[in-house]
Amino acid sequence: MQVKLIIAAIKPFKLEEVREALTSIGVSGMMVTEIKGFGAQSGHTEIYRGAEYAVNFVPKVKLEIVVAESMADQVVQTIATTAKTDKIGDGKIFVLDVQSAMRVRTGETDADAV
């Protein structure tokens, strides 16, 4: 059975809501990393101690979720629906094929490892 890696960059305050939604559809785990990036949002200007400076990178959270191919569309739709605020910078979602996966403890592979 094919396995997919879903990478999503979302707004940090949406993390818990997205985690709850994914858990409710059967996602059993994910990796989360705090990241910074820019896209259409392309940073902004802030004033600190009276001096104006550009903030070129915006804080985001990166989710990495490995699921069986049969679940991938549902996971993507759940993230997209839950993370959406209708404002610029809501994020991106990428889906990649996973060549192989292994659970270290048991040696299970591919879909059994997820």
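The values are calculated or read from the model by the stated rules, or taken from the named source; none is laboratory data. Since this is a predicted model, take the numbers as computed values, not measurements. Note: ideal-geometry Cβ built from the backbone for every residue, glycine included; neighbour counts use all protein chains shown. Areas reflect the complete protein model, heavy atoms only, side chains present, ligands, DNA and RNA absent. Shrake-Rupley method; radii C 1.70, N 1.55, O 1.52, S 1.80 Å.
Could you please find all residues in the stretch 60-84 being more than 19 Å from residue 19 (Cα to Cα) and either surrounded by 12 or more Cβ atoms within 10 Å (Cβ to Cβ) or charged (D, E, K, R) (or both)?
First, the residues of the stretch 60-84 that are more than 19 Å from residue 19 (Cα to Cα): 69-70.
Scanning the stretch 60-84 gives a single hit, 69.
Can you list residue pairs whose Cβ atoms sit under 7 Å apart, with the first residue in the stretch 18-39 being over 25 Å from residue 70 (Cα atoms) and modelled with pLDDT under 95 and the second being open to solvent by 70 Å² or more (accessible area, probe 1.4 Å) and in a strand (DSSP E or B)? Count only pairs 6 or more apart in sequence or on different chains.
As it stands, the answer is 36/59, since those pairs meet every condition given.
Being open to solvent by less than 70 Å² (accessible area, probe 1.4 Å) and outside any strand (DSSP E or B) is the filter here, so list the residues in the stretch 85-102 that pass it.
Residues satisfying the conditions are 85, 89, 90, 101.
Among the residues of the stretch 48-84, how many are at pLDDT 90 or above, of a type outside the set (Asp, Glu) and not in a strand (DSSP E or B)?
Within the stretch 48-84, residues that are at pLDDT 90 or above, of a type outside the set (Asp, Glu) and not in a strand (DSSP E or B) number 14.
Just to verify a result, which residue in the stretch 1-31, among those that are surrounded by 14 or more Cβ atoms within 10 Å (Cβ to Cβ) and among the β-branched types (Val, Ile, Thr), is nearest to residue 112 (Cα to Cα)?
That would be 3.
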